[in-house]
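Participant: Dropping the structure in here first, questions after.
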Amino acid sequence: MAAKKMFGAAEASILVTDLRRSFDDGVTRGYEWRVTQLKKLLIICDNHEPEIVVALRDDLGKPELESSVYEISLLRNSIKLALKQLKNWMAPEEAKTSLTTFPASAEIVSEPLGVVLVISAWNYPFLLSIDPVIGAISAGNAVVLKPSELAPASSALLAKLIEQYLDPSAVRVVEGAVTETTALLEQKWDKIFYTGSSKIGRVIMAAAAKHLTPVVLELGGKSPVVVDSDTDLKVTVRRIIVGKWGCNNGQACVSPDYILTTKEYAPKVIEAMKKELETFYGKNPMDSKDMSRIVNSTHFDRLSKLLDEKEVSDKIVYGGEKDRENLKIAPTILLDVPLDSLIMSEEIFGPLLPILTLNNLEESFDVIRSRPKPLAAYLFTHNKKLKERFAATVSAGGIVVNDIAVHLALHTLPFGGVGESGMGAYHGKFSFDAFSHKKAVLYRSLFGDSAVRYPPYSRGKLRLLKALVDSNIFDIFKVLLGLA
Amino acid sequence: MEGMKETVEESLREMRETFASGRTRSLKWRKAQIGAIYEMVKDNEDKICSALFQDLGKHSTEAFRDELGVVLRSATVAINSLDKWAVPKHSNLPLLFYPAKGKVISEPYGTVLVLSSWNFPISLSLDPLIGAIAAGNTVLLKSSELSPNASAFLAKTIPAYLDTKAIKVIEGGPDVATILLQHQWDKIFFTGSPKIGRIIMAAAAQHLTPVTLELGGKCPTIVDHHTISKNIKSVVKRIAGGKWGSCSGQACISVDYVLIEKSYASSLIDMLKPTIKSFFGENPKESGCLSRIATKQHVQRLSRLLNDPRVQASIVYGGSIDEEKLYVEPTILLDPPLDSEIMNEEIFGPILPIITVRDIQESIGIIKTKPKPLAIYAFTNDENLKTRILSETSSGSVTFNDVMIQYMCDALPFGGVGESGIGRYHGKYSFDCFSHEKAIMEGSLGMDLEARYPPWNNFKLTFIRLAFREAYFKLILLMLGLKR
């Protein structure tokens with residue numbers, strides 16, 4: 001087996017220089033090139049699904065259905081949308097001009113930023129690598145992808161497939177960990193797209209600041225779920241369960257992190273959850289093949305610590321079983337852990353679900369508002385006024401009412417965070433826009449010049465200028481006719 | 001500085017409290033505040049012009065055209081458009097998700113920081129302020145200490161017109177900025193140099209604060225004599241106006257240098273000279289129509305740029321400097337060396353290098369050797385050249401056959417790319433600049449699909465695969481048992 005190639009500052013510099021040359025040569029600008037690359041990505045999805053499923057099983061114990069649906073199908077749709085819409089997206093947008101700039105016409109032209117860096121995460125290693133790359137390529141950029149080293153089989157497979165199918169003069173994969181990422185971050189990129197934790201998000205943005213590189217940071221947070229008693233409990237609970245344990249076993253950026261409900265309603269919620277959990281995962285969920293495992297022992301120990309904390313371990317009302325050797329923790333529900341416990345202070349990113357009870361549902365707004373802004377906030381209710389208040393006053397990347405996580409499958413909605421949960425957005429056309437510079441273009445005529453614009457300045461010129469600014473036709477005529 | 005630290009903390013606390021109270025959400029409140037800005041400018045025209053004259057020797061016509069007029073117009077547009085801007089955008093969702101609904105609402109970030117610049121101290125303070133308020137934020141403005149009279153005016157007058165619990169002004173220099181940047185803001189808007197832009201972004205990274213950076217660069221002006229010779233008089237006037245008629249070349253979108261074919265350079269210079277005289281008379285220092293240089297340090301910097309013996313040798317007009325009077329004469333250079341300092345930093349002053357090329361097409365190559373500027377200007381009627389400029393160069397904006405005026409077109413985004421900045425504003429873009437686009441999806445609790453839930457099996461997998469492909473007919477067949 002070949003020794004791992006060294007990738008440090010020198011290699012990173014050569015890589016960026018190569019890609020910049022390709023970009024400057026115009027390799028990535030044409031519609032045909034972009035379409036060809038996107039079609040190749042589609043072939044990867046169509047022809048290599050079994051290998052991808054195996055890699056995801058190796059890295060995460062991800063069930064085939066989750067791999068097929070949440071990674072491959074979502075990607076396939078994303079590519080097909082880009083193929084269908086690319087011509088529209090690339091077309092200039094007309095802009096209205098006004099009397100002050102008359103005669104003129106104006107448009108906004110989308111141009112690629114240049115050479116961009118995509119750093120992806122371990123939990124959805126294919127989706128979170130290729131989806132941003134789709135955006136980068138559609139927008140006409142050269143792109144380097146750095147997949148997460150915490151999903152090594154997926155990282156290796158991505159490197160292999162991309163090298164096999166895509167244009168190496170403009171699309172490259174760099175595998176590695178901290179050393180490689182640091183080397184990459186020292187280079188000047190025209191955009192950096194990062195998916196991961198808020199802590200590393202800061203590091204990425206600080207590195208980007210040195211080169212004034214714009215960033216998209218898709219981070220995370222504690223996505224709350226507010227459950228109103230005026231809801232369809234069975235449907236609510238099923239959606240929460242599949243949104244939590246059915247999506248990489250709680251290891252997702254938009255995973256329902258904790259539940260807020262009334263003291264009165266909580267017992268019913270817990271009962272319903274227990275029942276549906278058993279229907280979905282059987283009496284021995286540790287044996288179920290329908291859930292991902294915990295990604296590695298570091299995260300297992302982290303989650304263990306959350307469960308073992310004093311004042312928390314005695315709040316477990318369901319589950320709590322752990323198996324370090326197999327990296328499994330059973331679906332676990334906790335009731336009323338202290339607000340300042342570890343489990344309520346950091347993003348859980350695992351199969352633990354605290355339920356916090358309140359005297360009335362109104363208090364949930366204050367609980368949510370007192371915490372960093374999450375990537376998603378969920379509400380289950382039939383109550384129209386509550387829905388409206390929630391949507392209007394809860395600040396989060398996105399709000400979903402009566403469902404969990406599905407909004408990331410919708411290409412017509414921007415997917416991104418705010419505050420601690422991130423900046424920028426993507427999906428659908430938003431991906432194309434994220435990797436484009438919208439250049440303003442103004443076409444003026446050489447006629448229609450007015451002495452008003454030039455020194456020497458005078459009162460008359462000032463009056464005319466004022467009238468022009470107000471775009472008031474009558475005032476303009478008055479001044480021109482000397483009547484004002 | 002302790003006192004300043006306390007002031008900042010107290011201001012932040014009050015602004016956050018005001019934001020949390022919900023007062024700034026009301027469109028009525030926002031319009032009233034923006035209306036008050038309008039009134040403030042209208043009521044104090046003379047005071048403002050006087051302050052600008054004291055700070056920069058700006059003539060009142062220039063002050064109106066570039067500052068007061070801009071603010072009045074911006075305020076009017078915001079008030080008239082706010083209802084439209086604040087309307088949620090509805091998204092079409094795929095049939096699969098029926099009857100779910102999706103929309104995007106613009107919500108204010110919260111408490112934002114605006115750091116403005118000294119060259120257009122009124123408009124670069126109030127225009128972003130209008131955007132921040134229109135979007136519903138509370139905002140702290142730090143005006144530049146290098147325009148002390150304008151800054152003092154803002155600090156004294158804004159509290160008299162606007163809601164002081166929501167909108168605050170702080171005066172001061174780098175030490176005040178440093179204290180401000182230590183705190184967490186929900187957004188930072190900065191106008192200034194790329195060097196300071198990096199510092200701002202690095203500070204923002206510590207708090208994951210999104211930034212808009214309006215920076216600068218060397219804005220080149222291509223003069224394609226072949227195709228515009230008929231209108232050369234207009235061209236010359238526009239270039240001269242764009243260089244010396246707006247804050248004496250100290251604008252982020254000033255004409256920095258001109259590119260023209262060698263054989264036409266001297267006739268251009270021969271036309272520029274009398275044009276300058278027609279603007280400023282025989283003695284520009286006493287004309288009252290030419291702005292001053294900001295400070296002695298800035299004069300010294302321009303002096304240093306001219307002191308290079310090779311640059312000295314290229315002076316064909318002007319060149320005199322009066323440090324005491326903060327005066328640099330309108331100066332023209334012919335072919336200073338491309339590796340001289342003056343050709344490698346933003347000039348930001350009344351010195352105009354004319355760079356000659358053998359063929360006008362070569363100007364594109366020269367532009368590409370420099371960082372991406374805020375604007376590129378090109379006087380040409382050659383469609384091929386226009387296309388080449390648009391597709392082979394990158395800049396915040398491109399204006400054909402005029403200079404500076406793209407600033408007035410509020411249907412066009414105003415912002416940079418690469419070294420010239422991140423983000424954009426003007427018109428609706430100002431509103432968007434200070435808003436988080438929050439996706440809202442509402443699902444239905446009825447219409448539940450068993451295929452969504454574990455335990456997984458082949459049927460469910462096939463179902464979901466087909467659903468993602470939106471192969472509705474095949475889905476129906478599957479459900480009727482007619483498809484395997």
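The values are calculated or read from the model by the stated rules, or taken from the named source; none is laboratory data. As the structure is a computational prediction, the values presented were derived from the model and not from experiment. Note that each Cβ is placed from the backbone with ideal geometry, even for glycine, and that neighbours are counted across all protein chains shown. What goes into the accessible areas is simple: the full protein's heavy atoms, side chains included, and nothing from ligands, DNA or RNA. Shrake-Rupley method; radii C 1.70, N 1.55, O 1.52, S 1.80 Å.
Participant: Could you pull out which residues in region A:112-126 have an amide N less than 11 Å from a spot 7 Å beyond the Cα of residue A:297, following the Cα-Cβ vector?
Facilitator: none
Participant: Quick one: pull the percent of accessible area on region B:389-442 belonging to carbon and sulfur, 1.4 Å probe, ligands and nucleic acids left out.
Facilitator: Its accessible area is 56 percent carbon and sulfur atoms.
Participant: Residue by residue through region B:346-352, which ³J(HN,Hα) values in whole Hz follow from phi under the Karplus form 6.51 cos²θ - 1.76 cosθ + 1.60 (θ = phi - 60°), with glycine and proline marked x?
Facilitator: 4, 5, 6, x, x, 10, 10
Participant: Run the simple label-point estimate for residue B:359 and residue B:26 please: 7 Å along Cα→C-beta, distance reported in nm.
Facilitator: For the pair residue B:359/residue B:26, the computed spacing is 6.6 nm.
Participant: Can you tell me, using C-alpha contacts under 8 Å and at least 6 residues apart, the relative contact order of chain B as a whole percent?
Facilitator: Taking the mean separation of contacting Cα pairs over the length of chain B, I get 17 percent.
Participant: Taking the Cβ-Cβ separation of residue B:182 and residue A:289 as r and a Förster radius of 30 Å, what is the calculated FRET efficiency to the nearest 0.05?
Facilitator: Working from the Cβ atoms, E equals 0.05.
Participant: Determine the calculated [θ] at 222 nm for chain B from helices alone, applying -39500 (n - 2.57) to every DSSP H run no shorter than 4 residues and normalising by the residue count; nearest 500 deg cm²/dmol.
Facilitator: Dividing the helical sum by the residues of chain B leaves -13000 deg cm²/dmol.
Participant: Okay, moving on. Determine the shape class of region B:38-100: with a ≥ b ≥ c the square roots of the Cα gyration tensor eigenvalues, call it rounded for a/c under 1.5, and otherwise prolate if a/b is greater than b/c, oblate otherwise.
Facilitator: Prolate is the answer for region B:38-100, as a/c is 1.5 or above and a/b outweighs b/c.
Participant: Among the trypsin sites (Lys or Arg not before Pro) in region B:282-334, which ones are in a DSSP loop with at most 15 other Cβ atoms within 10 Å of the Cβ? Mind listing them?
Facilitator: Listed in order of number, the matching sites are B:325.
Participant: Let me ask something else. Could you compute the FRET efficiency for residue A:326 and residue A:263, with r as their C-beta to C-beta distance and R0 at 41 Å, rounded to 0.05?
Facilitator: Values: r = 37 Å, r/R0 = 0.89.
The pair residue A:326/residue A:263 has a calculated efficiency of 0.65.
Participant: Within region B:182-282, list the GluC sites (Glu not before Pro) lying in a DSSP loop whose Cβ has at most 10 other Cβ atoms in a 10 Å radius. Write out the running numbers ahead of the final one.
Facilitator: Working: sites: B:214, B:261, B:282; in loops: B:282.
Loop-located and lightly packed - B:282.
Participant: Using alpha carbon centroids, what distance separates region A:268-329 and region A:215-244, in Å?
Facilitator: 18 Å
Participant: What Kirkwood Rh does region B:381-444 have if only Cα atoms enter the pairwise 1/r average? Answer in Å.
Facilitator: 14.3 Å
Participant: Give the span of region A:70-200's Cα atoms along each principal axis, as three whole-Å numbers ordered largest to smallest.
Facilitator: Principal-axis extents of region A:70-200 (Cα, largest first): 59, 33, 30 Å.
Participant: If you take each beta carbon of peptide B:389-396 and count the beta carbons of other chains within 10 angstrom, what is the mean?
Facilitator: The shielding value for this peptide is 4.
Participant: Restricting to DSSP H runs of at least four residues, report the calculated mean residue ellipticity at 222 nm for chain A, -39500 (n - 2.57) per run over all residues, nearest 500 deg cm²/dmol.
Facilitator: Numbers: 16 runs with 191 residues, N = 484.
That comes out to -12000 deg cm²/dmol.
Participant: Using a Förster distance of 35 angstrom, determine the FRET efficiency expected from the C-beta separation of residue B:312 and residue A:14, and round it to 0.05.
Facilitator: So, using R0 = 35 Å, E works out to roughly 0.30.
Participant: If you take the alpha carbon radius of gyration of chain A and divide it by 2.2 N^0.38 Å, what ratio comes out, to two decimals?
Facilitator: Numbers: Rg = 26.7 Å, N = 484, 2.2 N^0.38 = 23.0 Å.
Normalised by 2.2 N^0.38 Å, the Cα Rg of chain A equals 1.16.
Participant: Given a 1.4 Å probe, show me the residues in region A:198-214 buried by at least 40 Å² of accessible surface when comparing the whole protein assembly to the chain alone.
Facilitator: For region A:198-214, once contacts with the other chains are taken into account, A:202, A:205, A:209, A:212 lose 40 Å² or more.
Participant: Could you tally the net charge around residue A:389, taking each other residue with its Cβ under 15 Å from the Cβ of residue A:389, Lys/Arg +1 and Asp/Glu -1?
Facilitator: So the surrounding residues net to -2.
Participant: Just need the relative contact order of region B:28-174 here, percent rounded to a whole number, with Cα pairs under 8 Å and 6+ apart.
Facilitator: 26 percent
Participant: At what distance in nm do the modelled label points of residue B:84 and residue B:152 sit from each other, each positioned 7 Å from its Cα along Cα→Cβ?
Facilitator: In this crude spin-label approximation the distance works out to 4.2 nm.
Participant: Just to be sure I understand the model, the point goes 7 Å from the Cα along the line to the Cβ. What's the resulting residue B:300 to residue A:278 distance in nm?
Facilitator: According to this spin-label approximation, the distance is 8.3 nm.
Participant: Further, regarding this structure: Across peptide A:387-394, how many C-beta atoms of other chains are within 10 Å of each residue C-beta, on average?
Facilitator: 3
Participant: Tell me, in nm to one decimal, what length is gained between residue A:388 and residue A:309 on full extension, where the rule is 0.36 nm per residue of separation less the Cα-Cα distance?
Facilitator: 24.7 nm
Participant: Which shape class applies to region B:87-139: rounded if a/c is under 1.5, otherwise prolate when a/b exceeds b/c and oblate if not, where a ≥ b ≥ c are the square roots of the Cα gyration tensor eigenvalues?
Facilitator: prolate
Participant: By average Cβ neighbour count within 10 Å, what is the ranking of A:14-24, B:192-202 from highest down?
Facilitator: B:192-202, A:14-24
Participant: Let me ask something else about it. How do B:170-183, B:216-229 rank on mean C-beta neighbours within 10 Å, highest first?
Facilitator: Details: B:170-183: 16.4, B:216-229: 21.7.
Most protected by this proxy first, the peptides run B:216-229, B:170-183.
Participant: From the phi angles alone, apply the Karplus equation (6.51, -1.76, 1.60; θ = phi - 60°) to region A:112-118 and give each ³J(HN,Hα) in whole Hz, x where the residue is Gly or Pro.
Facilitator: Per residue, the Karplus-derived 3J(HN,Hα) values read x, 7, x, 10, 10, 10, 10 Hz.
Participant: Mind listing the phi-derived Karplus ³J(HN,Hα) values for region B:93-101, rounded to whole Hz, using 6.51, -1.76 and 1.60 with θ = phi - 60°, and x for any glycine or proline?
Facilitator: Values per residue, Gly and Pro as x: 9, x, 3, 3, 8, 3, x, 5, 10 Hz.
Participant: If you wrap a convex hull around the C-alpha atoms of region A:360-416 and split its volume per residue, what is the figure in Å³?
Facilitator: Measuring per residue, one finds 83 Å³ for the Cα hull of region A:360-416.
Participant: Still on this structure: Please report, in debye to the nearest 20, how large the charge dipole of chain B is about its Cα centre when each Lys and Arg carries +1 at its beta carbon and each Asp and Glu carries -1 there.
Facilitator: Details: 56 positive and 53 negative charges, 386 e Å.
Magnitude of the dipole: close to 1860 debye.
Participant: With an 8 Å Cα cut-off and a minimum separation of 6 or more residues, compute the relative contact order for chain A in percent.
Facilitator: 18 percent
Participant: Here's a follow-up. Going by the alpha-carbon gyration tensor, a ≥ b ≥ c the square roots of its eigenvalues, is chain B rounded (a/c under 1.5) or, if a/c is not under 1.5, prolate (a/b greater than b/c) versus oblate?
Facilitator: Oblate, since a/c reaches 1.5 and b/c is not below a/b.
Participant: Here's a follow-up. Rounded to the nearest 10 Å², what accessible area does residue B:462 show when all protein chains are kept and the probe is 1.4 Å?
Facilitator: For residue B:462, solvent-accessible area is about 40 Å².
Participant: Just flag the trypsin sites (Lys or Arg not before Pro) in region A:308-351 sitting in loop per DSSP whose Cβ has no more than 12 other Cβ atoms within 10 Å.
Facilitator: Passing both the DSSP loop test and the Cβ count: A:310, A:324.
Participant: Given a cut-off of 29 Å, name the pairs among B:187/B:372; A:210/B:89; A:84/A:222; A:84/A:191; A:96/A:429 whose C-alpha atoms lie farther apart than that in the structure shown.
Facilitator: A:210/B:89; A:84/A:222
Participant: So what's Rg/Rh here for the protein assembly as shown, counting alpha carbon atoms and using the Kirkwood radius for Rh?
Facilitator: 1.00
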